[in-house]
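All remarks here apply to the structure that follows.
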Amino acid sequence: MSFLALAKQAEARLRAANGMAPSDAVDAVNAVSSRPPGVVSSSASGVADVATYQAALHDFWQLMALGLTVDRETAIGAAVKVTRLIDVVGEPEATELRHRWEAEWHRETGRCPRCGERGERHT
């Protein structure tokens with residue numbers, strides 16, 4: 001299953017469980033702050049988009065590790081932000097980058113980026 005499909009499922013489940021309308025999820029994106037991207041040339045907007053996408057994924061994976069302790073606005077906002085950035089970066093590049101970064105994340109943290117648990121990396 002693609003990350004986009006996982007993110008959309010997670011968003012739908014959160015909205016259904018909490019009675020949120022889609023517009024609430026969009027509004028929540030503005031409330032979520034992410035880590036600033038790494039050093040990026042200001043003239044390379046494509047590189048900046050990729051760095052922003054990577055930072056958004058890291059934020060999302062950190063939330064996955066926190067599990068149910070994350071408030072719904074933050075969770076939905078992070079999922080919506082990643083989904084929007086997949087469109088900005090474009091496919092298949094977004095998926096190729098995500099697969100590489102998932103492997104790095106697992107190596108560095110020992111956590112599966114998809115479920116947040118320690119140990120096995122689910123692909």
Report task. May I ask you to verify whether Ala65 is touching a residue at least 12 places away in the same chain (Cβ under 8 Å), within 20 Å of Glu117 (Cβ to Cβ) and either surrounded by fewer than 17 Cβ atoms within 10 Å (Cβ to Cβ) or in contact with a strand residue (DSSP E or B) (Cβ under 7 Å, 6 or more places away or on another chain) (or both)? Result -> yes
Query raised in the report: Which pairs do you get when a residue that is in a loop (DSSP other than H, G, I, E, B), found in the stretch 109-120, comes within reach of a residue that is surrounded by 15 or more Cβ atoms within 10 Å (Cβ to Cβ) and among the aromatic types (Phe, Trp, Tyr), reach meaning Cβ atoms under 6 angstrom, with the pair 6+ apart or on two chains?
Result: Pro113/Trp61; Pro113/Trp105
Requested in this report: Please find, among Arg121, Arg111, Arg15, Arg72, the residue that is in contact with a strand residue (DSSP E or B) (Cβ under 6 Å, 6 or more places away or on another chain), surrounded by 14 or more Cβ atoms within 10 Å (Cβ to Cβ) and modelled with pLDDT under 90.
Outcome: Arg111
Report summary line: Flagged in the stretch 68-92 as part of a helix (DSSP H, G or I) and either aromatic (Phe, Trp, Tyr) or without any contact (Cβ under 8 Å) to a residue 24 or more places away in the chain (or both), in numbering order, are Leu68, Thr69, Asp87
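The values are calculated or read from the model by the stated rules, or taken from the named source; none is laboratory data. Keep in mind that this is a model prediction, so the values were computed, not measured. Neighbour counts are summed over all protein chains in view; Cβ atoms, including those assigned to glycine, are modelled from backbone coordinates with ideal geometry.
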